[in-house]
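Quick notes on the structure that follows.
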Amino acid sequence: MTKNDSIIPDFDNETDDSLKISLEKAAGIPSGLMIYLNGYIDTYNSTFFQKKITKVVEAGFVNLIFNCAALNYVSSTGIGSFTAFLKMVKAKGGDVVLLEIQPKVYEVFQLLGFAQFFNIKDSLESVMDHYKNAPAAGTDVFPMIFSCPVCSKRLKAAKAGRFRCSECKSILAIDERGQIFLG
């Protein structure tokens, strides 16, 4: 039995040479899991990546920390996978943090406009601070005033949910913790 299989049974049944995934429970973070990515994520292996991380979430891990120190490349399809995971865990009260992301990988997130939707940290201490300081579910953060992440128009949200920006018409979602993302 591999280390990954001891955390999530049968996790290593299927492998991909272009992307190695290693798991480690995140001590001190409720339902937290550190996911080490080694290789690249593109159109050809994104389905493999999505199946693996869906298995992680189905096992009850909703606070996901992706250690991207050894992740060399992410295509737009790969970023779509990360976005799907973010939506998946937000619905369960969790979050996604990208740790030690390579500059060229960060640039792809930035160019496609997704860097602002992810918590990107450069140290494990900042990840721990993020989870320690995150508002507890049910904490009132509303009403809140914020800037649209697409056009920067100042907006007000009375509660969590989905709505359309009055200026650029982008669909925005705000979770119960006040975090904003497209969709």
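For region 94-118, filtered to residues that are of a type outside the set (A, V, I, L, M, F, W, C) and in a helix (DSSP H, G or I), the residue that is nearest to the chain's Cα centre (by Cα) is Gln116.
Among the conditions (1) assigned to a helix (DSSP H, G or I); (2) among the aromatic types (Phe, Trp, Tyr); (3) in contact with a helix residue (DSSP H, G or I) (Cβ under 8 Å, 6 or more places away or on another chain), Phe48 misses just one, which is (3). Within region 34-93, no residue satisfies the criterion of being open to solvent by 70 Å² or more (accessible area, probe 1.4 Å), within 12 Å of the chain's Cα centre (by Cα) and under 22 Å from Thr15 (Cβ atoms).
Taken together, the residues in region 119-133 that are in a helix (DSSP H, G or I) and out of contact with any Pro (no Cβ under 9 Å at 6 or more places or on another chain) amount to 9.
Identify, please: which residue in region 1-33 is open to solvent by less than 10 Å² (accessible area, probe 1.4 Å), free of Cβ contacts under 8 Å to residues at least 40 places away in the same chain and within 17 Å of the chain's Cα centre (by Cα) and is, among those, nearest to Ser123 (Cα to Cα)? Residue satisfying both the conditions and the ranking: Leu33. Just one of (1) under 15 Å from Leu33 (Cβ atoms); (2) open to solvent by 40 Å² or more (accessible area, probe 1.4 Å) fails for Leu111. It is (1).
For region 121-166, filtered to residues that are aliphatic (A, V, I, L, M), under 29 Å from Ser75 (Cβ atoms) and open to solvent by 50 Å² or more (accessible area, probe 1.4 Å), the residue that is modelled with the lowest pLDDT is Val150.
Take the conditions aromatic (Phe, Trp, Tyr) and either under 15 Å from Ile120 (Cα atoms) or part of a strand (DSSP E or B) (or both) and apply them to Tyr40. Does it pass? So Tyr40 passes the test.
The values are calculated or read from the model by the stated rules, or taken from the named source; none is laboratory data. What you are looking at is a predicted structure, and each value in this text was computed from that prediction instead of being measured. When we count neighbours, we look across all protein chains shown, and the Cβ atoms used for this are built from the backbone with ideal geometry, even at glycine. Just the protein is used for accessible areas: all its heavy atoms, side chains included, with ligands, DNA and RNA removed. Shrake-Rupley method; radii C 1.70, N 1.55, O 1.52, S 1.80 Å.
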